[in-house]
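Below: one structure, written as structure tokens.
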Amino acid sequence: MSTLVPPMPPTPLPTADSPALAATAAAVPPPPVTALLADSVRDVAVIDTAVRLAGPRRAPLLLVVALPEHAHPPPTPEADAYAARLAMARVLPRVRRVGLEYLPVTHRGTGGGGTRLRAAGRVLDVAARHRSPVVVAATGGPPRLDARTLAEAAALRGGPFVHAVTPTGWAAPPLRLAPAGRPDGVRPVG
């Protein structure tokens, strides 16, 4: 003779302050913020903006270093890695200071054949492979990879969002000359 098993009571859904939801949220890292670096002074403004966007969520940074295309001979992977390290040397102290994780990626192909939208689309493909919803780029970036071209290519394909950064101009500090006379600025009495 069989007996009926009483049904299980329904499991309550997790609330915003429940430990189950907090454990689930902690297990899934936030998607990275992509920063397009071009080995220029503009990279500092790009990385500062990317850190501001990623910092509150503790999201990692995807650092895409755009290297120019070479026709002959093709560069070796060691040469690409060296060029990428040189480009990232300017921005890594800022990233490490705030304690964000980062993933460096080298992208070769900022010049050469193809249309400008195709070149921008290849950078957006790198961001899409890493599931990055935001790309930070300079408005005066490398040829065919500036923020406006990336935004146009992203609009045609439906994402990701391109955050354009316009770096402020750099002005030289005022030149301080010593008064006539001695080089240390002390005037003779007399």
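The values are calculated or read from the model by the stated rules, or taken from the named source; none is laboratory data. All values reported here derive from a predicted model rather than from experimental measurement. With ideal geometry, Cβ positions are generated from the backbone for all residues, glycine too; neighbour counts draw on all protein chains shown.
The table below lists the values:
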{"item": "Test set (1) part of a helix (DSSP H, G or I); (2) modelled with pLDDT of 85 or more; (3) crowded, with 20+ Cβ neighbours inside 10 Å - residue 59 fails condition number", "result": "(1)"}
{"item": "Tabulated pairs, segment 113-136, first over 19 Å from residue 50 (Cα atoms), second among the basic types (Lys, Arg) and part of a helix (DSSP H, G or I), C-beta under 9 angstrom, 6+ apart or interchain", "result": "114/122; 121/157"}
{"item": "Restricting segment 31-43 to residues that are of a type in the set (Val, Ile, Thr) and surrounded by 17 or more Cβ atoms within 10 Å (Cβ to Cβ), the residue that is farthest from residue 85 (Cα to Cα)", "result": "33"}
{"item": "Some residue of segment 141-157 being touching an Asp or Glu at 6+ places or on another chain (Cβ under 8 Å) and closer than 15 Å to residue 38 by Cα", "result": "no"}
{"item": "Some residue of segment 76-96 being of a type in the set (Val, Ile, Thr), modelled with pLDDT of 85 or more and in a helix (DSSP H, G or I)", "result": "yes"}
{"item": "Segment 164-187, subset at pLDDT 60 or above and either of a type in the set (A, V, I, L, M, F, W, C) or outside any loop (DSSP other than H, G, I, E, B) (or both), residue surrounded by the most Cβ atoms within 10 Å (Cβ to Cβ)", "result": "165"}
{"item": "Test for residue 103: is it buried (at least 17 other Cβ atoms within 10 Å of the Cβ), among the hydrophobic types (A, V, I, L, M, F, W, C) and either modelled with pLDDT under 90 or not in a loop (DSSP other than H, G, I, E, B) (or both)", "result": "no"}
{"item": "Unique residue being β-branched (Val, Ile, Thr), more than 23 Å from residue 139 (Cα to Cα), modelled with pLDDT under 65 and assigned to a loop (DSSP other than H, G, I, E, B) when the list is 24, 15", "result": "15"}
{"item": "Residues of segment 122-163 satisfying the condition of being more than 20 Å from residue 43 (Cα to Cα) and either outside any loop (DSSP other than H, G, I, E, B) or among the β-branched types (Val, Ile, Thr) (or both)", "result": "125, 128, 129, 152, 153, 154, 155, 156, 157"}
